[in-house]
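The block underneath contains the structure these notes are about, expressed in structure tokens.
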Amino acid sequence: MLEYSRYIEILCFYPLFISRKYRIFVLTGDTMIKTHLMVMDELAGYASPQARLTRLLKAGALVQLRKGLFVDDPATPHPPIAPLLYGPSYISFQYALANAGLIPERVRVVTSASFNKNKDKVFRTPLGEFRYFYLPPTVYPYGITVREEAGLPYLIASPEKALCDMVYKNPLITSLNDMGSLLLEDWRIDRQDLRNLDGAFIRWIAPLYRRKSLLALADWLGKEVYQ
């Protein structure tokens with residue numbers, strides 16, 4: 001088992017490590033996220049390990065998340081699965097904003113941020129849908145915190161970082177009026193919740209995105225919320 005701090009470092013900065021035999025896995029109590037090779041090793045005593053795997057999948061004793069990745073408990077929380085499906089990544093965008101109570105909608109799709117990818121990614125699994133959106137590497141490691149569910153660690157954006165990530169994906173919003181409409185009307189974020197955010201962090205990180213929409217966000221907050 002990986003040392004906890006080393007596991008978090010890998011989740012934050014590196015894709016899922018691939019060796020000849022195993023990939024990174026997570027164990028908590030009786031729950032394990034396993035690779036195909038790990039499952040085959042466990043089933044090596046059967047006459048046909050692949051046939052046994054097929055029966056386990058049909059019975060629901062194993063759930064296939066994607067090719068080569070399985071979980072043995074369908075009730076496993078979704079956020080810790082996200083960085084193992086596709087990485088490096090951290091929970092952000094709508095899922096993180098809803099988790100922080102900034103947007104009223106209940107978000108079922110787990111949304112994550114990644115970098116060094118040339119396109120967004122979607123995984124539809126038996127447990128739910130996971131979406132990944134790329135960000136500039138200059139902003140990726142900031143505004144992230146470690147959280148656990150059922151003993152499984154994962155990374156999630158702070159409310160400020162999740163908001164900035166969301167605005168980054170709306171590059172056409174560059175005027176202050178449009179920014180206000182986006183935040184207050186389209187996303188229905190309460191003005192008091194915006195006032196409670198760390199404005200200094202947003203002002204600091206906004207230029208690192210190198211997108212006018214982030215500068216508009218920082219300017220609008222400074223004039224309409226923090227004045």
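Rule-based calculations on the coordinates, nothing more; no lab input. Bear in mind that the values here come from a model prediction, so they are computed numbers and not experimental data. In this analysis, Cβ positions are derived from the backbone assuming ideal geometry, glycine residues included, and neighbour counts consider all displayed protein chains.
Checking S92 against (1) more than 25 Å from Y134 (Cβ to Cβ); (2) in contact (Cβ under 8 Å) with a residue 24 or more places away in the chain, only one condition comes out false. Which one?
The number of the failed condition is (1).
Among the residues in segment 192-209, are any of a type in the set (S, T, N, Q), without any contact (Cβ under 8 Å) to a residue 24 or more places away in the chain and not in a strand (DSSP E or B)?
There is at least one residue in segment 192-209 that is of a type in the set (S, T, N, Q), without any contact (Cβ under 8 Å) to a residue 24 or more places away in the chain and not in a strand (DSSP E or B).
Is there a residue being closer than 25 Å to I205 by Cα and either part of a loop (DSSP other than H, G, I, E, B) or without any contact (Cβ under 8 Å) to a residue 12 or more places away in the chain (or both) anywhere in segment 125-136?
yes
Can you find even one residue in segment 69-76 that is aliphatic (A, V, I, L, M) and within 19 Å of L163 (Cβ to Cβ)?
no
Given L152, L176, L172, which one is within 20 Å of A98 (Cβ to Cβ) and touching a helix residue (DSSP H, G or I) at 6+ places or on another chain (Cβ under 9 Å)?
L152
For R188, indicate whether it is out of contact with any Gly (no Cβ under 8 Å at 6 or more places or on another chain) and not in a helix (DSSP H, G or I).
Taking the combined requirement at face value, the residue satisfies it.
Regarding segment 145-165, can at least one residue be identified that is under 24 Å from L221 (Cα atoms), hydrophobic (A, V, I, L, M, F, W, C) and assigned to a strand (DSSP E or B)?
yes
Are any residues in segment 105-134 surrounded by 11 or more Cβ atoms within 10 Å (Cβ to Cβ) and within 16 Å of P159 (Cα to Cα), and if so, which ones?
V107, V110, T111, S112, A113
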